[in-house]
Amino acid sequence: MPQAILAEAQEAVLQVQGMKCAGCAQAVERALSQKPGVVSASVNLVTEKALIFYQADQVRPDALAIALTDIGFPTQVETPAATASLESSVTSQSLASTSAKIGGFHSPEFQQIEFQKIGLAIALVTLSAVGHLHSFFPWPIPLLGTLWFHWGLATLALLLPGRRMIQDGWQSWRRNMPNMNTLVSLGALTAYGASCAALWVPKLGWECFFDAPVMIVGLVLLGRTLEEQARGRATAALRALMSLQPAIARQLAASFQVSAQAPEQVSEQVSAQAPEQASEQPQSPLNPELVPIDQVPIDQVQVGALLQVLPGDKFPVDGLVKMGQSWVDESMLTGESRPVEKSVNAPVMAGTLNQSQVLVIEATRTGQETALAQIVQLVETAQTRKAPIQRLADRVAGYFVYGVMAIAVLTFVFWATVGTHLWPEVLHLVHFSAHAPAHAPAHSLSNAPSVVHSSSGLLLSLKLAIAVLVVACPCALGLATPTAIVVGTSLGAEQGLLIRGGDVLEAVHHLDTIVFDKTGTLTTGIPVVTHYWLSHRAETAIQSPEQLLQYAASLEASAQHPFAVAIQAKAQELSLAQLEVTDWSSQGGLGLMGNIGDRRVCLGSAAWIASQGAILAEGDRQRVEALAAEGHSIVVLSLEGQYVGGIAIQDTLRPDALETIQTLRQQGLQVRMLTGDQRLTAEAIGQTLGLTTAEIDAEVLPTDKAKVIQALQAQGKSVGMVGDGINDAPALAQANVGIALSSGTDVAIETAQIVLMGHLTRSAPQLKDVVKAIALSKATFRTIQQNLFWAFGYNLLGIPAAAGVLLPGFGLLLSPAAAAALMALSSVSVVTNSLRLRSKALEA
């Protein structure tokens with residue numbers, strides 16, 4: 001899909017119910033994609049959501065929801081209000097309770113249904129076994145061993161717990177969208193019908209295997225219950241995030257005025273009252289007699305409202321601290337386990353935990369604008385994006401059920417007409433006339449060997465066809481990729497990492513080169529002025545070094561680059577007044593120029609200043625080169641075309657920069673640095689990081705950064721770009737995987753495929769999070785590969801085995817009950833393997 005068309009389309013998320021397997025998900029995706037106005041559609045079987053991009057002038061999401069509902073998939077459009085309601089309705093207490101019970105985050109009603117299904121499935125399996133208990137006792141047990149008891153048990157199994165499965169299978173067949181329920185229902189009903197024929201027409205001499213439909217229904221329900229539990233654990237992390245936001249906020253009266261008390265005084269005054277007392281009384285502990293508190297739903301909190309947050313409470317909205325001082329646990333959003341101290345004017349985030357003292361905050365972002373809501377929305381969107389490796393599974397799933405039914409028919413026809421004649425010895429595997437009525441003569445069947453042969457062959461053919469229908473598992477194919485993506489992206493969100501989808505996971509797996517921007521990425525992005533000087537030839541043109549700094553700060557007044565901020569900060573420190581600049585212009589990352597009074601002033605790199613005609617003398621040039629060799633960035637100033645002096649600025653490396661680069665190299669990745677800074681400065685910093693000259697691209701214009709990435713890709717490299725600024729956005733977009741340190745700009749955040757979420761959580765991301773993001777992405781993709789290998793391998797081996805391939809040479813027959821057990825195991829195994837990602841993360 002062309003990116004231009006996708007960019008113009010609007011986005012919506014649909015909540016789709018009734019999907020049972022990969023075939024269902026493919027049917028939904030196909031139905032959406034075929035609608036006029038739908039640009040693209042992606043369905044996630046695990047989260048039961050569909051992400052659509054559509055042209056608003058051609059189709060509406062509610063119309064698509066109605067269309068899906070009409071074909072048997074009840075659907076509704078997910079709205080921000082619905083999401084907010086869900087977030088506020090699930091409290092952390094209920095979350096912990098639910099997690100302890102079933103490992104998922106569902107409503108109490110859903111828990112009860114799950115427990116009933118488990119009990120019912122186990123009961124069915126037990127009852128089926130009870131039907132054979134008589135064979136273990138030396139004396140006969142009335143009723144227990146009769147065929148009519150088995151018939152009744154099988155009938156109840158199909159009419160009660162199996163009814164919904166059969167109904168769904170039939171409706172799917174009628175809509176020309178057969179699914180796994182169709183296969184299982186066909187198998188169970190065929191086994192039941194064949195057994196009824198054997199019971200009601202004794203002359204057939206067939207075996208009654210009423211245990212097969214009972215075991216099929218019981219094992220399928222048990223497998224689905226275990227699978228649902230595992231899927232609940234897979235989505236647990238996202239639901240945990242959604243539950244972090246409290247439902248109620250303690251809002252101060254509009255007449256309350258923020259006190260000018262020092263934080264220490266406020267803390268002492270606040271701590272004098274226990275949190276339990278504060279929560280019971282309607283007054284603020286900051287002023288108990290005069291300041292009433294209203295407990296309001298969070299959806300009624302407006303920006304600018306003053307809220308009180310007690311120790312042990314979670315912040316209801318994003319805000320700024322206005323009174324008090326406390327420690328706050330932000331681990332649920334940033335992954336950082338150490339509490340962060342918050343005082344006046346410090347930002348706080350919805351869902352984080354106030355630990356020690358009462359705080360008064362001013363709401364700055366509410367509802368869907370909070371960092372927590374943005375993270376949830378971004379993760380939900382990421383979980384619907386598929387990995388390219390899933391395309392084969394999707395293509396197979398689209399025709400899987402039809403293919404299995406065709407194989408079942410061919411299996412029946414082959415063994416009924418040819419197979420038993422080629423290998424008559426396999427007929428002993430059929431317990432011919434094992435349940436014949438007691439009054440039937442023992443010799444009556446021995447006189448009709450041809451009838452015996454044909455009846456046995458027909459019964460064997462039926463059993464093999466039933467096994468084929470039951471053993472096939474489209475669910476394993478459908479769950480292989482989405483379960484791993486859901487677990488991986490949710491786990492990343494817990495650790496402060498946003499991985500935007502399955503396609504990103506696959507791209508990370510193929511990376512061999514990581515390119516880091518320097519300023520603000522490898523460095524802290526907070527440079528400071530260390531030196532400023534006059535040229536010995538400038539004394540007549542300018543009076544002092546401070547005047548040079550004043551000229552430079554005045555030119556930089558309209559700029560936002562970190563170097564500009566450093567120069568302005570130094571000028572403010574020295575109380576230098578800003579001068580009026582006219583005819584100001586920026587030269588595309590090279591420098592600035594403008595008029596101060598009647599003088600033309602230029603500020604930029606030494607090379608650019610020289611191109612403007614201001615040549616540095618030998619002594620000035622040596623001074624600039626010496627400072628650059630020490631890792632300083634140099635900007636020089638010219639006045640009326642004459643070089644007058646320069647400013648040295650130094651940006652310190654992030655403390656984890658060296659460790660990050662060393663770790664990436666140990667993982668077999670090539671590391672490079674990209675910067676617009678002078679080569680001497682870049683090489684000095686690169687040497688500190690262990691980078692060679694060949695691994696440093698210096699003096700690169702902002703517009704050329706993407707070209708550097710493109711040149712590396714032309715060499716056959718798969719490139720990951722790590723950056724944070726507006727000028728990094730083109731390179732982030734050009735790279736195979738863009739990784740944004742989200743303390744940077746929104747443009748970089750939107751462009752990158754992986755975001756270190758300090759921007760959303762208003763905390764500074766650590767550079768070593770790049771290593772964590774790459775490691776998690778690779779581990780998740782490996783899990784996808786393992787799941788697909790198992791899903792394809794299971795079906796490629798299981799279906800032929802069920803069709804009787806092993807009968808002639810090995811005498812191995814897969815019974816319908818055993819086929820049901822294997823089918824149930826396959827889906828559970830795929831989901832459980834995905835959950836191993838979480839276990840590995842906890843161990844790490």
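The values are calculated or read from the model by the stated rules, or taken from the named source; none is laboratory data. In this text the structure is predicted, and so the values were computed from the model without any measurement. Note: ideal-geometry Cβ built from the backbone for every residue, glycine included; neighbour counts use all protein chains shown. Note: accessible area is taken over every heavy atom of the protein model, side chains too, but ligands, DNA and RNA are not part of it. Shrake-Rupley method; radii C 1.70, N 1.55, O 1.52, S 1.80 Å.
Which residues in region 37-76 have a backbone N closer than 18 Å to a point placed 7 Å from the Cα of GLU8 along the Cα-to-Cβ line?
37-41, 53-60
Under a 1.4 angstrom probe, counting protein chains only, how are VAL409, VAL486 ranked by accessible area, largest first? Display every interim value, and only then the final one.
On the way: VAL409 90, VAL486 0 Å².
Highest to lowest solvent-accessible surface, that is VAL409, VAL486.
Which order do the peptides 157-167, 783-793 come out in when sorted by mean C-beta neighbours inside 10 angstrom, highest first?
Values: 157-167: 17.5, 783-793: 19.3.
With the highest mean Cβ count within 10 Å placed first, the list reads 783-793, 157-167.
Given a Förster distance of 22 angstrom, what is the FRET efficiency for GLN662 paired with LYS840, based on the Cβ-Cβ distance and rounded to 0.05?
On the way: r = 22 Å, r/R0 = 1.02.
E(calc), rounded to 0.05, equals 0.45.
Structure shown: which of LYS570/LYS772; LYS342/LYS772; LYS49/LYS778; LYS386/LYS463; LYS386/LYS768; LYS342/LYS386 lie over 29 Å apart, alpha-carbon to alpha-carbon? Provide the component values of the computation, followed by the final result.
Working: LYS570/LYS772 37 Å; LYS342/LYS772 27 Å; LYS49/LYS778 25 Å; LYS386/LYS463 38 Å; LYS386/LYS768 27 Å; LYS342/LYS386 40 Å.
Pairs exceeding 29 Å: LYS570/LYS772; LYS386/LYS463; LYS342/LYS386.
With a 1.4 Å probe and all protein chains left in place, how much of the accessible area of region 292-409 comes from carbon and sulfur atoms, in whole percent? The partial results should precede the final answer.
Numbers: 2410 of 4550 Å².
After summing per-atom areas, the C and S share lands at 53 percent.
Where nothing but the Cβ of Lys and Arg (+1) and of Asp and Glu (-1) is charged, how large is the charge dipole of region 642-700 around its Cα centre, in debye to the nearest 20? Can you show the working numbers first?
Working: 4 positive and 8 negative charges, 17 e Å.
Dipole about the Cα centre, nearest 20: 80 debye.
Find the accessible area per residue for region 319-425; the probe is 1.4 Å, ligands and nucleic acids are left out, and the unit is Å².
Numbers: 4410 Å² over 107 residues.
Per residue, region 319-425 has an accessible area of 41 Å².
Among GLN587, HIS561, SER605, which residue has its Cα positioned farthest towards the positive end of the charge dipole of region 551-614, with +1 placed on the Cβ of Lys and Arg, -1 on the Cβ of Asp and Glu, and the dipole taken about the Cα centre?
The Cα lying farthest towards the positive end belongs to SER605.
Using a 1.4 Å probe on the protein heavy atoms only, what accessible surface does ASP583 show? Give it in Å² to the nearest 10.
100 Å²
Pull out the extension gain between SER33 and LEU653, defined as 0.36 nm times the separation in residues minus the alpha carbon to alpha carbon distance; nm, one decimal. Please report the intermediate quantities before stating the final value.
On the way: separation 620, 0.36 × 620 = 223.20 nm, distance 4.90 nm.
Full-extension gain reported as 218.3 nm.
List, in order, the whole-Hz ³J(HN,Hα) value for each residue of region 559-569 obtained from phi through the Karplus relation with A = 6.51, B = -1.76, C = 1.60 and θ = phi - 60°; use x for Gly and Pro.
9, 10, 5, x, 5, 5, 5, 5, 5, 5, 5
Say the dipole of region 620-666 comes from +1 at the beta carbon of Lys and Arg and -1 at that of Asp and Glu; which of ILE634, ALA648, ILE661 then lies farthest toward its positive end?
ILE661
With a 1.4 Å probe and all protein chains kept in place, how do TYR794, TYR402 rank by accessible area, largest first?
Working: TYR794 20, TYR402 95 Å².
Final ranking, largest accessible area leading: TYR402, TYR794.
State in Å² the accessible area per residue of region 579-657; use a 1.4 Å probe, count heavy atoms of protein chains only, and round to the nearest integer.
Numbers: 3370 Å² over 79 residues.
Accessible area per residue, region 579-657: 43 Å².
Enter the accessible area of SER42 (Å², nearest 10), with the probe set to 1.4 Å and all protein chains included.
Surface accessible to solvent at SER42 totals approximately 20 Å².
Going by Cα centres, region 477-503 and region 769-844 are how many Å apart?
Centre-to-centre (Cα) distance: 18 Å.
Work from the charge dipole of region 640-703 (Cβ charges, +1 for Lys and Arg, -1 for Asp and Glu, about the Cα centre) and give the residue of LEU701, GLY676, GLY690 farthest towards its positive end.
GLY690
Run the quick spin-label model on GLN167 and LEU797: label points 7 Å from Cα toward the beta carbon, then report their separation in nm to one decimal.
Placing both labels 7 Å along Cα→Cβ, they lie 3.8 nm apart.
Give the accessible area for LYS322 in Å² (nearest 10); use a 1.4 Å probe, count only protein heavy atoms, and leave out ligands, DNA and RNA.
50 Å²
Quick one: which of 358-368, 55-65 comes out on top by average Cβ neighbours within 10 Å, and what's the full order, highest first? Walk me through the numbers on the way to the answer.
On the way: 358-368: 22.2, 55-65: 15.5.
Going from most to least packed, we get 358-368, 55-65.
Run the simple label-point estimate for SER558 and GLN55 please: 7 Å along Cα→C-beta, distance reported in nm.
Between SER558 and GLN55, the label points sit 4.1 nm apart.
Considering amide H positions built from the backbone, and no H for Pro or chain starts, which residues 5 or more places from ARG600, or on another chain, come under 5 Å of its amide H?
Here GLU640 satisfy the definition.
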